[in-house]
Every structure is written in C-alpha cells, then in structure tokens.
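Each remark here refers to the structure printed beneath this line.
The numbers here are math on the coordinates, done by the rules we state, and not lab data. For clarity, every value in this text was computed on a predicted model and none was experimentally measured. Here Cβ is always computed from backbone atoms with ideal geometry, including for glycine, and neighbour counts include all displayed protein chains.
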C-alpha cells in the first residue's frame, strides 16, 4: 500500500515535469508564473550535469544540489531507522533552508538577470497578463 502511494506520487511528479517543460519550457512554477528564479533554481540542471560527469558545472549551477541529496537520503534513513533522533534532521533542515535563502539573495544580487540559472522568463504568465493590460 505504501509503495503504491509513493509510486503514484512519483508518476505525478514525472508527469508534471514533462508537461510543464513541454508547454512552458520550465518546470519551476515560480518561473512559469512570475518569470523570476526561485531559491532552488538550477537544481534540476545541476542534477543532470552531475549525472553527466560535469561536477564543476553542476556546482556552478547550484552549489546546494549535492548537500540536498545527502540531506534527503539522511532524512529517509532517519525516518526509518533512527526515528528517535529525527530532531537532528529538523535542525539540519533549518540550516539548509537558511543557506538556500542566503545563496538566493547572493545570486539575485550578483547574477540576476544576466547569468543562468538566474534569468528572467519574459514569457511568464504574469508578464503576459501585464502586457495584455498594457496593450489594452
């Protein structure tokens, strides 16, 4: 039963990725709707780059990709094997979140809007709505 629930969730996520990339060119809802990058922007590309052996480029795309994967593996291990110590993972999650937000601010100041992944999506939903009212 539990495996079926996770399988359906995984299929839904994959379907979302495929459809949103096909229709919008992005998988990030923030990029699709608002046209600006989110704190996790570049994580998917960092994963693909890491899988192809481009470690330096993966790190440049998003430095917290590998720590995030390690955290998620640790979270699963703690959930199933060390449930009494799950509080450590909660504290680590807070630290990781603060690091993500700090990196986001740094990247928005130093890279936005000229360097990937911190670029503007001028075809976002919000941008199209603004243009619709502007041309009205």
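Would you please state which residues of region 23-37 a label at residue 125 would reach in this model, taking the label point 7 Å out along Cα→Cβ and a backbone N cut-off of under 14 Å?
23-36
For the chain, take N as its residue count and report Rg(C-alpha) divided by 2.2 N^0.38 Å.
In units of the 2.2 N^0.38 Å rule of thumb, it is 1.25.
How far apart, in nm, are two points set 7 Å out from the Cα along the Cα-to-Cβ line at residue 69 and at residue 56?
For the pair residue 69/residue 56, the computed spacing is 1.9 nm.
Could you work out how far the C-alpha centroid of region 82-105 sits from that of region 20-40, in angstrom?
25
If R0 is 30 Å, what FRET efficiency do you get for residue 23 and residue 3 from their C-beta distance, rounded to 0.05?
Using R0 = 30 Å, I get an efficiency of 0.50.
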